[in-house]
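> Quick one: structure below, then a few questions.
Each reported figure results from applying straightforward, stated rules to the coordinates on display, with no laboratory input. Being a predicted model, the structure only gives us computed values, none of them experimental. All Cβ positions, even for glycine, are placed from backbone atoms using ideal geometry, and neighbour counts span all protein chains on display.
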Amino acid sequence: MTQNRISNYDFMNKYIFFLNLLFCSSIASVFGQDTLNSLKYDWNPGIEGTGPVRGLEVSCHVNTNYKVNSNSDLYGKGKGEIDNNRVFETKLRFPIFLNQKLKIAGSFDYSDEEFHFDDISDNNYPLYKSLNEKNLKSIGGSIYLMTQLKRNMFFLFRFNAKLKGDYWKEHIGDVNKYTFLKMEMSPVIGWKVNSKKSWGIGMAYSYTFGDPLLFPIFVYNHSFADKWGVEAFLPARIKLRYQASKLCFINAKARLQGGSYSIHFDDPELNDFKTLELRRADVNFSVEIEKGITDWLWASFESGYRTNINFDVTNKNHAFSLSGSELINKNSIIDSSVKGGVFYNISVFLVPSKTILKKIGLK
């Protein structure tokens, strides 16, 4: 019996090693990081000192209880309280093509989000009843392209497409799936100053502000003072990082995070609409600790404060804006103001292992 257990244990170790070998060899040459020798070509936007590359990642995000106040021409005013709002997400990044002047990578991600309202049985406001314990799903992926324009000049392009909403519900099976399709893109032209600094400028079409907007972006990555660094993708996010040890990073982060779900409301007042859109945007301020359990298995814990800037229900035809006027437009079907609150995020992820990279000759 003991011998069988030892054999099973050895088999599992070999199996895990084999999976890690495949994983590391596939993504090692794609994502910019000093541990992956990404500085072979001086145009590569990756710099020294950055945190671990997240290949396969599983995370759980929880917003703690917060109050919601809503106003609508159809329903009047409403008040509610959300006990918790949790998001489960898994993401995989992988290579597609690589040569000296062109790198193409992709990612696939899936998430499931739920709102849990307090005493929903006593609250008849349609928005809260429709959202309570509804599974809002997101499935899709991204394509990342990096190419050299000149010696130290590069071009980045990211395209993202997802199906977002309650498209899995049987009662909306006749709704065109493209109703739930959300697309984002961001082209950037940048310069690699040296092994510790790169920057770029570009444009983004995104739901960062909740509504689909086209806006300018500024990208800046800089490692300084040995263990310190800053990573910025403005106006969406900025991160100040500190490398406490070889397997530990501490990050102070500010992030503007928005999105849109196409959803169905079980209410006769909205029979003219097969689906509506819940559009929201939050600003998150947080501190994150990334810790390596081994050189290939990492975990992170993040906690901070979230403040809301947009939480509205609108018809999908109320769509694209170049000027940002959507942010102050009060023609939504339901306008809501959401109080701020504390949030937590726990992630477990795989990174390219230095040990295995050496074994296969990539390090």
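> Using each residue's phi in the stretch 219-227, evaluate 6.51 cos²θ - 1.76 cosθ + 1.60 at θ = phi - 60° and report the 3J(HN,Hα) Karplus result to the nearest Hz, with x for Gly and Pro.
Couplings: 10, 8, 10, 8, 9, 9, 6, 6, 9 Hz.
> May I ask you to compute the full-extension gain from Glu48 to Lys227, defined as 0.36 nm times their residue separation minus their alpha-carbon distance, rounded to one decimal in nm?
Stretched fully, the Glu48-Lys227 segment lengthens by 63.4 nm.
> Can you give me the C-alpha center-to-center distance between the stretch 136-157 and the stretch 98-135, rounded to a whole angstrom?
The two parts, judged by their Cα centres, are 24 Å apart.
> Run the numbers for Arg86 and Thr307: contour at 0.36 nm per residue of separation, minus the present Cα-Cα distance, in nm.
This chain segment gains 78.0 nm when fully extended.
> Take the Cα of Ser337, step 7 Å along the line toward its Cβ, and report every residue of the stretch 245-269 whose backbone nitrogen sits under 15 Å from that point.
Answer for the stretch 245-269: none.
> Each residue of the stretch 55-63 in turn: what ³J(HN,Hα) in whole Hz from Karplus with 6.51, -1.76, 1.60 and θ = phi - 60°, glycine and Pro shown as x?
Result, rounded to whole Hz: x, 9, 9, 10, 9, 9, 10, 10, 9.
> Now a separate question. Pull up all non-local amide H partners of Thr50: gap of 5 or more, or a different chain, and H-to-H distance under 5 Å with H placed in the peptide plane.
So Thr50 has HN proximity to Asp34.
> Here's something else I'd like to know. Enumerate the calculated ³J(HN,Hα) couplings along the stretch 228-239 in order (Karplus 6.51 cos²θ - 1.76 cosθ + 1.60, θ = phi - 60°), each rounded to whole Hz, writing x wherever the residue is Gly or Pro.
Ordered by residue, 3J(HN,Hα) equals 9, x, 10, 10, 10, 9, 7, x, 7, 7, 8, 9 Hz.
> List the trypsin sites (Lys or Arg not before Pro) within the stretch 99-159 that fall in a DSSP loop (any state other than H, G, I, E or B) and whose Cβ has at most 16 other Cβ atoms within 10 Å.
Filter output for the stretch 99-159: Lys101, Lys150, Arg151.
> Counting other C-beta atoms within 10 Å, and keeping those with at most 16, which DSSP coil chymotrypsin sites (Phe, Trp or Tyr not before Pro) do you find in the stretch 190-220?
The qualifying sites: there are none.
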